[in-house]
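Read-outs: derived from the displayed coordinates by stated rules, not from any lab. All values derive from a computational prediction rather than experimental measurement. Cβ: placed from backbone, ideal geometry, glycine included. Neighbour counts: every protein chain shown.
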């Protein structure tokens, strides 16, 4: 028996078939060669042989030329044209060259490349969630449109309070809102314009001027279209059997008036959108001539704020809240102050919003809270009264998970007792995220921290808020206090608020007190705790302690001090 294993037969790779044109050409050449040689051999004539050979060469040349044109150049031209279409992003419906030969295989490869390119373009220039063109496609189209030098406009449309939807109902629900909004905007966008999903909940539209539109006529049409868009998207959206009223803030920039490049136009539209949100949202705002400049200044200020946070240039100042009955400082509100190296003091209403928009609000809040708590922990008792409490404002953007843990950590690090910390939160923050706000406030109360409702009366004041949320104090907004001397209605609102707080056993503070008349009116209405420039502006930590040890704080003492100051200002007789 043979133990040797038989070797497998050798593998023979079949030679690919020659193209049919090439095979016909070779056959023709062979036939002409055979005929010519046969005639030459029969005649055995030198001159005849020479002519036969000359004819053979001509036949070979003609056959080769036909062979190259028909069998090689034609499919190559078809392949080149198809590759050109693929490079332009035009899909191929079929292979450019058919057959089983090498050219046919190349044709099928080019078709596969076309299909792959189409899929890659969809990924690169399309938004998977909404099926709209994305930001990359927007930037390409806008650059091409600007290059034509014809009038056009860029509109940015941002969904108001979309973050609240995500936080309240989840990101999957938010994605469905985005899809529905994209479909609605697509239906409302004019046929000669293009809608894009720029980023997140921000959509963009490129409007093109018609042949008969120029200057004022185009702008007038834009005003009408943008306003119609804003109004019509407010119809309730139905998502998962839930009806939502969604609004848009819109910013519009026109080429070439608001920017002569694609980058400048986008910057102007973005600045206009920011202004729309500043005006209260659900607003159409057209770019102004200084919009781009203001946008650049905000970016510069955001960069400067990052440096300021690293160097500790943003510090807490303290404004006292006095009890006119006991003559004591019951609390001091921490207010952020930033001394810029070249701009001087930057108002908080300028840089707080920038901190929120640039993602720096968490770092700013934690840094300020730590510094304020460390300072307050060192305050001594004042005039036989316990050390003042510390009031600290939370941004509406920070009504979310993680804030309570940050407060707990800061209290532990600084040694400030939790019962001496008071967190102020605005009504708007509660309304935007009611479930999250309720959970956060309960957790703060669990730490021992008290809660104050700031700017009471300016937002969505409701008894239900005072009943639902664990509120320890309400602060009457300065807008009511400032009108006490001349507006009877303002006095009635403040009186009703004081009565409400008393009946609910909630502490009350009036802020923005600037003159004796306001102070006296509030005191007579029953508001003893007051805050404002009449008593003191916000002071650095050392100046605050010096003021607290010597300033008159009882009602009668303040009145006498104000009268003495007024007498000193009168000219001598």
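At 1.002 mPa s and 20 °C, plugging the Kirkwood radius over alpha-carbon pairs of the range 366-473 into Stokes-Einstein gives what diffusion coefficient in µm²/s?
Estimated diffusion coefficient is 149 µm²/s.
Which values, in whole Å and largest first, are the semi-axes of the equivalent ellipsoid of the range 413-548 obtained as the square root of 5 times each eigenvalue of the Cα gyration tensor?
The answer is 25, 22, 12 Å, longest axis first.
Would you mind ranking 181, 406 so that the residue whose beta carbon has the fewest other beta carbons within 10 Å leads the list?
406, 181
Just need log10 I(q)/I(0) for the range 135-289 at q = 0.11, 0.14, 0.18, 0.19 Å⁻¹, Debye formula, equal scatterers on the alpha-carbon atoms, no solvent, rounded to two decimals.
-0.41, -0.66, -1.05, -1.16
Starting with the fewest neighbours, write out 267, 358 ranked by other beta-carbon atoms found within 10 Å of each beta-carbon.
Going from least to most buried by this count: 358, 267.
Length gain on complete extension for the stretch residue 483 to residue 108, per 0.36 nm per residue less the alpha carbon to alpha carbon distance?
Using 0.36 nm per residue and subtracting the Cα-Cα distance, I get 126.9 nm.
Using the count of nearby Cβ atoms within 10 Å as a rough guide to exposure, how do 338, 547 rank from fewest to most?
547, 338
How large, in Å, is the range 301-568 by the Kirkwood hydrodynamic radius built from its alpha-carbon pairs?
This gives a value of 19.3 Å.
Please find the FRET efficiency linking residue 234 to residue 545, where r is the Cβ-Cβ separation and R0 is fixed at 56 Å, and quote it to the nearest 0.05.
Calculated transfer efficiency: 0.60.
Expressed as a whole number of Å, what is the distance separating the alpha-carbon centroids of the range 182-213 and the range 277-351?
Each part reduced to its Cα centre gives a spacing of 35 Å.
From the Cα trace of the range 283-416, what convex hull volume per residue do you get, rounded to a whole Å³?
Dividing the Cα hull volume of the range 283-416 by its residues yields 159 Å³.
Which order do the peptides 146-158, 517-529 take when ranked by the mean count of other beta-carbon atoms within 10 Å per residue, highest first?
Packing order, densest peptide first, comes out as 146-158, 517-529.
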